[in-house]
């Protein structure tokens, strides 16, 4: 159920509650009967965020609350005792009056959705009307409640558009991987990944940003759970891009102390159903206790998932069914992981080449020859070793070994700032990005934090604005068809050299050598897409100090 449909259901419940209360209060036998509740419910209605009203059989307004008067821009004297034609424009009034008559004549509830001009502009409203009855069940009027769902619908639309862009970008990534089969050099992978990452990171920023903005609004539990699923999916897609960048030696890993047994269990949860569906049994022999390893969680998951996928493919193609065995142990001061299958095994002539880039024994269209090469590179990046033991008809066993965390020097985790609080304050910020969804996300979250935010799609248009106005911070995308971030930064240094210290770059392309060289040379902070909103808030707050 979407937030929009939850709003409709909640509106129906509130209407039924209000109708019952109005009936009780109107038919109370004495002032001390139910009328002692009148003040309470009058206050609830008066200060509600929804517009509420009652009408008599002639369609005249009997009561309204403050929100109703605010929306229509009128005072009580202009509404009470008047008909709808005195409150709304003629075309809207005609429509609303016909709906009133339907409720009064049929005695049935009615719910409609309209775009109505209010003091806040044209807004999408859900209007629900219920008949009011006397003690003999005769219809004596109606009660109505109007809820503004404009922001909810806009957020859902933006989320759907962002998801579609992400799916399209992911399709592009898959197509790009297929083309790599024909590549002659591994260097082509680095260039491809950098370009794809930029295109993929923009829609991912929209998906992740809009999702986290909706989560900040403390939605209903069911919607909250669905938003968490979307958030986790976007984060996983982001990690996939980071893994490819790490393999091409252009992206830093983010190691932390982890339990490889736990990472294996989490990874296998993704495969249990698929393995069972392909008649592949899973046998686990995990050590009760393992020393922790200093590693990047997502990269370890990618390695294990790739090896299990390969084992499954080998079994299914060879026997149609079989067994994958996974064993962990701590031996000779090393954490050892063995992933074995009872498939056809690896021919001796292929063992020396099995970790070479683009080497594959799979049929055309079923493999790129990059999976094991990427895994091997990731393991080496973590100061580990990876080998294979196999022979024709003997299955294959892949062996990974890592040193425990206590014997490995920890790399600095520059992005780990969980304990750092976000300082919210005022200031004027200019956002420059050619992606509309990125601009909307930045404007929403920074405005929410109390900043005055202005957005532009063009760095060229931003320069004269910067000359005319005073900005405390500039968030500028590195890639822009109108003017690159590098050109913008250089021009800003010529025209307004004191402003370059207020620039924070935003990019989904920090992995390319040219971008990295330029960014390092500026000494300015960089926020990489797709960013977590909390990380963005911290970076902006830090820059404002």
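Starting from region 211-238, keep only residues that are farther than 23 Å from residue 508 by Cβ, then list their pairs with residues that are at pLDDT below 85 and surrounded by 13 or more Cβ atoms within 10 Å (Cβ to Cβ) whose Cβ atoms are within a distance under 8 Å, requiring at least 6 positions of separation or different chains.
Note: pairs meeting the criteria are 219/3; 220/3; 220/6; 222/6; 223/2; 223/3; 223/6.
Select from region 465-495 the residues that are over 22 Å from residue 539 (Cβ atoms), under 33 Å from the mean Cα position of the chain (by Cα) and part of a loop (DSSP other than H, G, I, E, B) and write down the one among them that is modelled with the highest pLDDT.
Ranking the qualifying residues of region 465-495, first place goes to 483.
Considering each of 266, 301 in turn, give the residue that is crowded, with 18+ Cβ neighbours inside 10 Å, closer than 28 Å to residue 381 by Cβ and free of Cβ contacts under 8 Å to residues at least 40 places away in the same chain.
Only one candidate passes the filter, namely 301.
I'd like to check something: does region 519-534 contain any residue that is surrounded by fewer than 16 Cβ atoms within 10 Å (Cβ to Cβ) and under 27 Å from the mean Cα position of the chain (by Cα)?
Yes, because at least one residue in region 519-534 is surrounded by fewer than 16 Cβ atoms within 10 Å (Cβ to Cβ) and under 27 Å from the mean Cα position of the chain (by Cα).
Consider residue 367 against the criteria (1) more than 30 Å from residue 259 (Cα to Cα); (2) modelled with pLDDT of 75 or more; (3) surrounded by 15 or more Cβ atoms within 10 Å (Cβ to Cβ): it satisfies all of them except one. Which criterion is unmet?
(2)
crowded, with 16+ Cβ neighbours inside 10 Å, in the same structural domain as residue 143 (by TED's automatic domain parsing) and part of a strand (DSSP E or B) - does that describe any residue in region 90-113?
yes
Here are some conditions: (1) under 17 Å from residue 405 (Cα atoms); (2) in contact with a helix residue (DSSP H, G or I) (Cβ under 6 Å, 6 or more places away or on another chain). Residue 259 meets all but one. Which one does it not meet?
That leaves (2) as the condition not met.
Does residue 59 satisfy being modelled with pLDDT of 90 or more, surrounded by fewer than 17 Cβ atoms within 10 Å (Cβ to Cβ) and at positive phi?
Considered against the rule, which asks whether it is modelled with pLDDT of 90 or more, surrounded by fewer than 17 Cβ atoms within 10 Å (Cβ to Cβ) and at positive phi, residue 59 comes out as no.
The values are calculated or read from the model by the stated rules, or taken from the named source; none is laboratory data. Just so it is clear, the model here is predicted, and its values are computed rather than measured. Note: ideal-geometry Cβ built from the backbone for every residue, glycine included; neighbour counts use all protein chains shown.
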